[in-house]
Structure formats: structure tokens, C-alpha cells
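Shown next, in C-alpha cells, is the structure this report addresses.
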Amino acid sequence: AILARAMGIPAVLSVNHATNQIHNGDMVIVDGFKGDVILSPGQEELHAYKEKQALYEREKEELKRFCNLDTVTKNGIKKLVYGNIGKPEDVQLVVQNGGEGIGLFRTEFLFMDRNSQPSEDEQFEAYSTVAKAMNGREVIIRTLDIGGDKEISYLHIEKEENPFLGHRAIRYCLDHTDLFKAQIRAILRAAKYGDLKIMLPLITCKEEVQAAKDLIQTCLEELQTEGEDVHAVPVGIMVETPAAALLSDELAQLADFFSIGTNDLTGYIMAVDRGNQAVSDLYDVMQPPVLRAIEMTVKNAKAAGIPVGMCGEGAADEQLIPMLLEWGLDEFSVSASSILKTRKIISEQNA
Ligand code: PEP
Ligand code: MG
């Protein structure tokens, strides 16, 4: 889903019996906006969708005028629209679409589709490539977020009853310090080529942030002893669990910035598995408890004086953006294909 979105490919998930009912050669309309899949459409339907497609293409053309503009609200307040990436190659799409930075580098993609983990040097290559390509603009690198729905076979993560509540992301990394240190060292080494920041996923308590910061400090000192040209980089956290949102006032004292991960936050708050069609109605960022958690997080970040962004899909949500602006969100990190639309929506709203 993440890749399809980044490439602007229409996609609909959780279509029951699709593979039984649809055969090679069938004509199918995939409406990624509404989540509809129409098998063998009639002439009228086909015509209506051809018009819809043409309208979409026109809108895409019109959005291009936002490409080289700053992101400014109607009442003149500067905001940032960043792009989410999974691989260094994705940076091009973000730059082409006028992204002002990278708000989320999902580094787990560097670990996928291979048989062994990438070495520190390979990771250094990837992170420094992104830093250089962004030419001094901010790049937020999220440390390895595996487990849950992101499996990596060679890491031999134990099968769990409830993988989403299990030994994943920061929890796994803090228990596998060799793996974690290799990643941190690679990021610190690459930081001299741009404006890199470290972001920790799935934080639920202060101890995790402190332990990770201690490890980052250790890596920094080790690299300095080895004679590397390194400096400290800001360390932020993802707020994507109810625990982190509820504790955001205290976590803001430890973190240099927040980024709200609405994809996980929505699932955990609503107690719903995002892949389960039977409960998909509840998986909605606009549900009041999710909105309350977001508002609380943004306000606590503001009160502590740290920047707060959003890198979950909510950042591109037309209904949510006006509220985010009202609460004071600083940065919206979205898939490359949503950057221009997000900038346009922000430009039509007051903050
Ligand atoms: C999120 O949970 O909102 C997020 C950005 O992380 P991911 O989608 O990679 O889990
Ligand atoms: Mg997440």
C-alpha cells in the first residue's frame, strides 16, 4: 500500500473473493479514492469513469503550479510539506513534486527483499545519498521499524500471538544492540552530508527514549574515538501509540521533535486491525478519540517548544488538515504523490 501510494498507482485493499471473480483479460475499474472495484463495467459506467479520469489528470496538471512554491496558509503562516520515502531512489519523486524535506525515511525497506541485513557501510551509503540529494534540507531517518506487519525473515523474529503488541520496532532494536548500533553509526556518519535527524518508532515510555539516546551518545563517542568527523544530531520520536500521546507532555521534555504516526495511532486507539475488512469502518483517523490524541500531542509539543509533524496518512487528509492547522502542526509529511495536493489544501486554510 505504501509503495503504490508513493508511485500514484490506484489500489484498493481487502476485496473479498477478488481472485475468484476476476479473471485475466477482464476489464476492471479500480477507484482508489472511493475504495471501489467494478468488474466488467457497462458503457455508461465506463464513460463516467473516463470523465473522472480526465478530470483527475487535469487536476494533477493544475497542481503543478504549487511545485516551486513555499507552503503558506491563507493567513500567511509558513508550514512545511515533506515527503515519505522507503529507499534512496524515492528521493527523486519527492524532489520532483516539490517536497521541502523528508519527514519519514522508512529504513525497514533497506532490510527487506534480501537475505541478510545491510552492513553499516551499506546503510551509510543509503543515508548519505539521501542527505546529499536533499541538498541541506531536513531528512528524518526513522530507525528500524520491524515486526507487526513488517516481517524480515532472516532476523528470525519469533512468531507471536499478537505481533502488533509484541517485540517490535524500538523494543526489538533495544534488545539487539549490535543491529541498532550499526544503524545509528551509519546515520551519524552520514550526517555530515546534510541535515539528518534520528526518529524512534513505537515509543511507549520515557525509558525507551532515554535508552536509545544513551546508545546514540555511546555510538557518537565511539566514532569520535575512531577519528570520524561526527556531531550530535537531534533525536525525535514517533507518537503512534496511545501511551505516547497520553504521555506526550513528559516525552516532549526528552525528545527534540515529535512526528505523529496516524496509521498506527488510529489502529491502536480504535483497537482495530487495519487489514481486517470486517472492522474497517472503525479504522478512521476522524474518530473523536483519535482526534483528541492528536490535538493533545500537538498542544503538548507546542507547550514544550518542540517542532511537531505528522507522517501518517492523516497528514494528507483533506478533512483533518484544517484541524491540524488550527492546533498548530508545523510539518506535514506525505507520500510523494500527495505533496502538491497537501500544499494546495494548506494554502486555502487559515492557521
Ligand atoms: C504510522 O504509523 O503512521 C507511520 C507513519 O508508520 P508506518 O506506516 O510505517 O507504520
Ligand atoms: Mg507506524
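Values in this text are rule-based calculations from the coordinates and carry no lab data. All values derive from a computational prediction rather than experimental measurement. Neighbour counts are summed over all protein chains in view; Cβ atoms, including those assigned to glycine, are modelled from backbone coordinates with ideal geometry.
Give, to the nearest whole percent, the P(r) tail of region 36-155 beyond 17 angstrom, counting all Cα pairs.
Value for region 36-155: 68 percent of Cα pairs lie more than 17 Å apart.
For the chain, what percent of Cα pairs sit more than 37 Å apart? So the portion of pairs separated by more than 37 Å is 19 percent. Among all stretches of the chain without exposed trypsin sites (Lys or Arg not before Pro) (DSSP loop, at most 15 other Cβ atoms within 10 Å), which one is longest? The segment 160-351 is the longest one with no such site. Which shape class applies to region 154-307: rounded if a/c is under 1.5, otherwise prolate when a/b exceeds b/c and oblate if not, where a ≥ b ≥ c are the square roots of the Cα gyration tensor eigenvalues? Because a/c hits 1.5 or more and a/b fails to exceed b/c, region 154-307 counts as oblate.
Full extension of the segment from residue 154 to residue 302, taken as 0.36 nm per residue of separation minus the current Cα-Cα distance, would add 49.2 nm. The chymotrypsin sites (Phe, Trp or Tyr not before Pro) found in region 21-98 that occupy coil by DSSP, while having at most 13 further C-beta atoms within 10 Å, are 33. What's the lysine pair count for region 179-325 at a Cα cut-off below 24 Å, pairs eight or more apart or interchain? Step by step, the pairs that qualify in region 179-325 add up to 13.
Pairs from the list 34/132; 34/64; 87/341; 50/150 with a Cα-Cα gap above 32 Å: 34/132; 50/150. Sparsely packed loop sites in region 20-107 (the GluC sites (Glu not before Pro) outside DSSP H, G, I, E and B with at most 12 other Cβ atoms within 10 Å) do not occur. In terms of overall dimensions, region 242-297 has a Cα radius of gyration and Dmax of 12.2, 40 angstrom. Of the beta bridges in the chain, as assigned by DSSP with both residues counted there, near 20 percent are antiparallel. A convex hull fitted to the Cα coordinates of region 84-172 yields 99 cubic angstrom per residue. For region 227-241 and region 53-108, write down the distance between their C-alpha centroids in whole Å. Taking the Cα centre of each part, region 227-241 and region 53-108 sit 24 Å apart.
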